[in-house]
1. If I filter region 247-276 down to residues being among the aromatic types (Phe, Trp, Tyr) and more than 16 Å from ligand 2 (Cβ to nearest atom), which single residue comes out as nearest to the chain's Cα centre (by Cα)?
2. How do the pairs read when you match residues in region 283-299 that are on the phi > 0 side of the Ramachandran plot with residues anywhere that are more than 16 Å from ligand 1 (Cβ to nearest atom) and at pLDDT below 85, using Cβ under 6 Å and keeping only pairs 6 or more apart or on different chains?
3. Using the structure shown, decide if Leu348 is under 14 Å from Arg227 (Cα atoms) and within 16 Å of ligand 2 (Cβ to nearest atom).
4. Tell me, which residue of region 239-264 that is farther than 12 Å from Arg179 by Cα and among the polar types (S, T, N, Q) is farthest from ligand 1 (Cβ to nearest atom)?
5. Out of (1) more than 22 Å from Glu47 (Cα to Cα); (2) assigned by TED's automatic domain parsing to the domain that holds Gln54, what's the single condition that is false for Val167?
6. So which strands (runs of 3 or more DSSP E) are wholly in region 68-136 and hold at least 2 residues that are touching a residue at least 40 places away in the same chain (Cβ under 8 Å) and within 29 Å of the chain's Cα centre (by Cα)?
7. If I go through region 371-395 residue by residue, how many of them are more than 16 Å from Met196 (Cα to Cα) and either assigned to a loop (DSSP other than H, G, I, E, B) or in contact (Cβ under 8 Å) with a residue 24 or more places away in the chain (or both)?
8. Exactly one of (1) of a type outside the set (S, T, N, Q); (2) modelled with pLDDT of 85 or more; (3) open to solvent by 60 Å² or more (accessible area, probe 1.4 Å) is unmet by Leu70. Its number?
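The values are calculated or read from the model by the stated rules, or taken from the named source; none is laboratory data. Not measured: the values here are computed from a predicted model. Methodologically, a virtual Cβ is constructed for each residue, glycine included, from the backbone with ideal geometry; neighbour enumeration extends over all protein chains shown. For accessibility, only protein heavy atoms count, side chains too; no ligands or nucleic acids. Shrake-Rupley method; radii C 1.70, N 1.55, O 1.52, S 1.80 Å.
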Amino acid sequence: MTILYNLLVLIFSLLLTYVFLFLFLFRVVLIKTGLIYFVKKKWRSIEDWFHVYQFFKVPEFNESMQRNQLYQKVLVYLNSLTSIEDSDFTNLFTGKKPNEIVLRLDPSQIIEDDFLGAKIFWINEERNLVLKIRKADKRRVLRPYLQHIHTVSDELDEKNRELKLYVNVVDNHDDRNGRWRSVPFTHPSSFENLAMESDLKNKVKSDLYSFVKAKQYYHRLGRAWKRSYLLYGPSGTGKSSFIAAMANFLSYDVYDIDLSKVSDDSDLKFLLLQSTTKSLIVIEDLGRYLMEKSTAVTLPGILSFMDGILTSGCGEERVMVFTMNSKDHVDPAILRPGRIDVHLHFPLCNFTSFKTLANSYLGLKDHKLFPQVEEIFRNGASLSPAEISELMIANRNSPSRALKTVINALQTDGDGRGALNIGRRSVEENGEPSGPFYKEGINAVKELKKLYGLLRVKSCRQYPSFDLICRQNEG
Ligand SMILES: Nc1ncnc2c1ncn2[C@@H]1O[C@H](COP(=O)(O)OP(=O)(O)OP(=O)(O)O)[C@@H](O)[C@H]1O
Ligand SMILES: [Mg+2]
């Protein structure tokens, strides 16, 4: 009896050892050959037979072709999941830091997530993200899960926010891709490196800051949460750089509307509808388009675009910026309060802005030639900051030469913006301008004029200092 018992135990333990050995080897084979993934997949489809799933689609655009904010949030969230590494097909991109590689979900891939003990699947379809959840888990998990996505993606956005510059493309009736194309916005401009009165910079900064904080205020008043700026002044005075500085200050994306590519008034409204919140909507050179009629958009179209933000249901946290060389021939309807809240004038260089440029571009806080430069400015000569800064860049290795080149350029400025003769006499009396600098100044300014299209703005000459006219409607 005992012998029989011992024999049975022996057989059983041998059997058990074989089973374990077999299972171990089977696992090794599965892992080594990659069959494990096949088995997992099969197992999942078997599991699926026993569960009822519900699907939720998150489309990229809504029925009026506005971008769906939730789509963007979910995408940011999914791309941050570690399980993205396990999907069959993943895209690799270089990251922001050197040698950084980031993973991005490819269309047609399924990614798995766990939340409060429930398994959730996301299917990345073309232009849709589809959430698949067990019906049994839905009631318990769905709401907190979506809230979780919101929170995580907001945090990630805040951390990795990369600004984008959107440009509109010609309408080819291909609604699938929308009307905007984007590239990363990397313009380094900031208010600090712009030569303008510091008082004005501070006013603009605090205006923008109070706008951003004023959500409740605008809502309480039943007003769209938006602010419109008009930047006007001659070419090369820093209007575009100022827009970039605003975007960097606010961390807003920039939507740069090229009016020549807008097919009609409703197309312009459509572009606005397809922009997102926290953005700068920019129309550069608006005055020229209206004067030359080089756009299919009409004046009423522009007015309704400026007001459109009030009626189109997208009145959330947007700043509109328009630029023009002069307000002289612009229809007053465009400039009326409500359409434009803040008027900012960008004048040609004065001595104060010259000093800021000399400090930034040449590292000069003071120089023996400064009094001479000041006198030339006092006599009315002027160039745009763009012209002066280019001369400084070209001569950055020798600050004295740079200043002499600027002096010569100011005196020889051929389009009469400055008090040419007086300025020239004063320098000649001081015996300063030497031959090469003189020629260099003339040539450099000619080149710069070509570059910045200064001939266009010959008429915009004498401007007072920067003025900020904050109209009513201030937040
Ligand atoms: N106020 C300024 N402070 C510092 N740099 C300036 C300033 N204005 C112009 N610049 C320099 O000149 C270059 C051209 O300026 P910007 O393109 O901003 O001028 P703009 O007013 O937009 O001209 P346009 O009317 O021709 O579009 C900038 O890259 C910048 O380096
Ligand atoms: Mg510009």
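1. As a first pass, look at region 247-276 and keep what is among the aromatic types (Phe, Trp, Tyr): 249, 252, 255, 270.
Next, only the ones that are more than 16 Å from ligand 2 (Cβ to nearest atom) stay: 249, 252, 270.
On the way: Phe249: 11, Tyr252: 5, Phe270: 19 Å.
So the residue we want is Tyr252.
2. none
3. Working: under 14 Å from Arg227 (Cα atoms): no; within 16 Å of ligand 2 (Cβ to nearest atom): yes.
So Leu348 fails the test.
4. Selected residue: Ser251.
5. (2)
6. Details: elements: 90-94, 101-105, 110-115, 118-125, 128-134.
Passing ranges, in order: 118-125, 128-134.
7. So the count comes out to 14.
8. So Leu70 meets the others, but not (3).
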